[in-house]
Structure formats: C-alpha cells, structure tokens
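The values are calculated or read from the model by the stated rules, or taken from the named source; none is laboratory data. Remember, it's a predicted structure, so these values are computed and weren't measured experimentally. We place every Cβ from the backbone using ideal geometry, glycine too, and count neighbours over all the protein chains shown. Remember, those area values only see protein heavy atoms, side chains included, never the ligands or the DNA or RNA. Shrake-Rupley method; radii C 1.70, N 1.55, O 1.52, S 1.80 Å.
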Amino acid sequence: MLTTVTIRLPDGQFCPVVVGAQSRTKLAELLPGGCAAVALVSDENVAHLHGEEILSQVEPRFPARLITFPAGEIHKCRATKEQIEDAMLSAGLGRDCAVVALGGGVTCDLAGFVASTYMRGVPWIAIPTSLLAAVDAGIGGKTGVNTPAGKNLVGTFHQPLAVVIDLDLIRTLPADQVENGLAEMVKHGVVADARYLEALLAAADRLYQGRNIPLELVKRSIQIKGEIVADDPREAGRRALLNFGHTIGHAIEQVDGFRISHGRAVAAGMSVEAGIATRLGLLEADQRDHLREILGALALPTAPPSRLPLSDLVEATRLDKKSRQGDVRYVLPCRLGEMARSPDGGFLLAVEGSIVLAELQEVAACCASPAPIEA
C-alpha cells in the first residue's frame, strides 16, 4: 500500500512524499521530464546494498551515474561535497541533470547541498534508507555539512522535488538506526501532537521487532514535519520548533567527537531541555517525567554519556545556530504537544548557562540511560 503526503510551500511549490512498501518503483516517474542524466549519490555501505537496484529503476529512462563516498557522519563535510561535485563534473553532468540522494540523514543533507549549488542549482529527489531520514532529514529542504566548529554550520535551503520512502528499505536497518528515527518521531510528538506520543509509547514493545515501523506512525511524523515546513520553509519562525532537543543534542555530538548516534544525542537533549523548561516554570514536572518515561520505553537515553564533561557541553551550546549576541536560545515545551512562546511571540528563549549546567548535573545524577539496542 502506498500513500502520499504532499507538502505545499508558500511560493506555490509542492513536494510529494511517497510512502509505502516498493515505493522506490515510482522513482523514474518523479524525475523531471527534461532531465538529461541522473547522479545517484550514496555512501559506500548503502550503495553496496541498494545502489544497483535503484540504478535499474532509473536507467531505462535516464542515463545515470552512481557516485559514492565513505559512510559516517565524519564524512559529511566540505571535502566530501567537493569530491562529489568533481565526480559529477568529470561525468559531464550539466545543468539539466538531477541528483538522487540514496541513504540516511548524512546522504540527504550532503547530496541536497550538492544539488543546491551544482551549476547554481539542480533538482533533487531523496530516497531515505534510514528511519531518521524518512521522518526528518529527508523532509523539508535543509541541506548542509559539518565543520570543525559544529554541525550543519554550512548549508542551504533547497527543497527536494520529491521524497520516496520505501518501508522495505527501512526494514533492513540495524537497531541503532531505528533508535535515530524514533528520537525524531518523539520530538515531533512533543512539539505538535501529544496523542502521537502516546501512540509511540503504546507501540514501544514492537517497534524494534523486525524493524516493523507501522506506516501510520511514519506517515504522521511526516505530516507533522511537513505542516511546520510548509508554514515556515526557511526557518524564520515556527520551524525553530523542530530544533527541540538539538541544542543540547548537537553539543553532545560535538563534545563526543560524533561517537554517539544522532538519535541518542537528541533523546538525551530532549530530556535535558525538558528539565530546563521545568526549572524555568514552563513545564510541569510530571510532564517532564512522562517524556522521560516514553524515551526509556523506546530504549532511548535520558542523560548524556557520563564520559562527557558537563562544562564542555555548556560551552559547545554557544556555537548553536540559534545563538544571538552570546545568548544561547532554546525551544522549550510548556506541555507535551505544545511549545512555549517567547516574549516577542516566537519560540526561542534565551537560557543562562548556569541553569543549563545545573540541569545537566541533576540529569547526570538521577537519570540512568539504557544501553544501545543490539543489531
């Protein structure tokens, strides 16, 4: 069964998100009619699993070239972007080409960034192969790479022509990749839909069994992100909500040298940021504790790794893209399913480093976190 969620943007653009088993067979139909060639961009691991099959979906209609790069967050960088661009130039791909991103969040971010600048911009389609990319990184047009100073500090907004989410590909994931996606699905529930959070909790016991993520849970997460992106495609206001858990989460990744998975970092970040909201009188303690219960039920952490110096985490938050004039700004819940407003009517709230450090210390002392699920 296939279903399509259509994201309609203010400028009249729209992005169909095709979800379901075997949805990859729709890829060629979604490529633009004037396309002269396709660059299929994938990391080496995903290319080994799915590259030839996806090429076979494209090549009857379009010449295609598979371009690979080493797997891992460490390779989401400017040097890899340059290598992909050089490979496309060597293949003679012109302004009438299209990019297809086949892979997880790293690939979607990286290939989308390439598409946004190659020949001053070419169309692209995302084929997420991870749950994280399916419900988050592949949706919304935010592209970019990491730098030594922090995550995603160089990038663009470049909406995909379409997103193709094949649940059969997601079912091949190792368990730690399921964790990454579930963390973002929890985030969507916190910022927009408390009932969705309860649905995730109710399904917790079976989400890792056979990597069988129900279509309706995936679809609802896409709808939530799509609605927010459609309202604010360039992160000028409401889209900031999607950064919940990420100010602390990105700091955890940075200080840990990206050893921790993105999902586990964001889960711990949501726990800490919910605690900050409670300290500020925005969120009732029972709501904070229920969020931590949901995270625990999904085998996600509620505290940063104990190996990380807490003062280093506070310092790393100062590099967050939402910071202004030295103030680190957070998006914080006032109840599960609703986020607090700032005095200017937006969603970004400046929080003193001493409050963040105090919450980190409390979380480190009281919140035991589960070990990663084995593949």
Compute the helix-to-body angle for 262-279: its Cα long axis versus the longest principal axis of the chain, expressed 0 to 90° and rounded to tens. 30 degrees
Calculated FRET efficiency for the pair Glu52/Asp96, C-beta based, R₀ 35 Å, to 0.05: 0.90
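What full-extension length gain, to one decimal in nm, is calculated for Thr4 and Cys334 as 0.36 nm per residue of separation minus the Cα-Cα distance? Each step should come with its number before you reach the end.
On the way: separation 330, 0.36 × 330 = 118.80 nm, distance 3.20 nm.
Gain on extension, Thr4 to Cys334, equals 115.6 nm.
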Accessible-area composition of the chain, carbon plus sulfur, in percent [1.4 Å probe]: 49 percent
Comparing Leu102, Leu349, Leu295, which has the greatest mean-square fluctuation in the GNM of the chain with Cα pairs linked when under 10 Å apart? Leu349
What figure in square angstrom, to the nearest 10, would you give for the accessible area of Val38 with a 1.4 Å probe? 0 Å²
What nm value, rounded to one decimal, do you get for the distance between Arg206 and Gln13 when each label is placed 7 Å out toward the C-beta? 3.8 nm
Connecting every pair of Cα atoms under 10 Å apart in the chain and solving the GNM, the largest mean-square fluctuation among Asp11, Asp205, Asp193 falls on Asp11
On Cα atoms only, tilt of 246-255 relative to the major axis of the chain in degrees: 80 degrees
For the pair Arg234 and Gln361, how long in nm is the line joining their label points, each one 7 Å along Cα→Cβ? 4.3 nm
With a 10 Å radius around each residue's Cβ, average the other Cβ atoms per peptide and rank 80-89, 330-339, highest first. 330-339, 80-89
Using Cα atoms only, what is the angle between the long axis of helix 353-366 and the major principal axis of the chain, expressed in degrees (0 to 90) to the nearest 10? 90 degrees
To the nearest 10 square angstrom, what accessible area does Ser311 show with a 1.4 Å probe? 70 Å²
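Between Arg171 and Ala194, what FRET efficiency comes out of the Förster formula 1/(1 + (r/R0)^6) with R0 = 35 Å and r the beta carbon distance, rounded to 0.05? Kindly include the intermediate steps, with their values, before the conclusion.
Numbers: r = 28 Å, r/R0 = 0.80.
Computed FRET efficiency for Ala194 and Arg171: 0.80.
Where Rh denotes the Kirkwood radius from the mean inverse Cα pair distance, what is Rg over Rh for region 1-131? Show your work: numbers first, answer last.
Details: Rg = 14.1 Å, Rh = 15.0 Å.
Using Cα coordinates only, the ratio equals 0.94.
Starting from the Cα gyration tensor of region 167-279, take the square roots of the eigenvalues, sort them a ≥ b ≥ c, and report rounded, prolate or oblate (rounded when a/c is under 1.5, otherwise prolate if a/b is larger than b/c, else oblate).
Numbers: a/c = 1.56, a/b = 1.16, b/c = 1.34.
Note, shape of region 167-279 comes out oblate.
Stretched out fully, how many nm does the piece from Ala36 to Arg259 gain, at 0.36 nm a residue minus the Cα gap?
Numbers: separation 223, 0.36 × 223 = 80.28 nm, distance 4.00 nm.
That works out to 76.3 nm of additional length.
Skip the ligands, DNA and RNA, and give the accessible area per residue of the chain with a 1.4 Å probe, whole Å². List each step's numbers first, then the result.
On the way: 14820 Å² over 375 residues.
For the chain, the solvent-accessible area averages 40 Å² per residue.
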Is region 17-58 best put as rounded, prolate or oblate by its Cα gyration tensor, with a ≥ b ≥ c the root eigenvalues, rounded for a/c under 1.5, and otherwise prolate when a/b is larger than b/c, oblate when not? oblate
With a point put 7 Å past each Cα toward its Cβ, work out how far Arg307 is from Ile74 in nm, to one decimal. 1.3 nm
Most mobile of Ala285, Ala365, Ala115 in a GNM of the chain (Cα contacts under 10 Å): Ala365
Please compute the Cα-Cα pair-distance distribution of region 63-108 with 10 Å bins starting at 0, giving whole percents from short to long. 24, 56, 20, 0
Semi-axis lengths, Å, the chain, gyration tensor of Cα atoms, sqrt of 5 times eigenvalues: 34, 21, 19
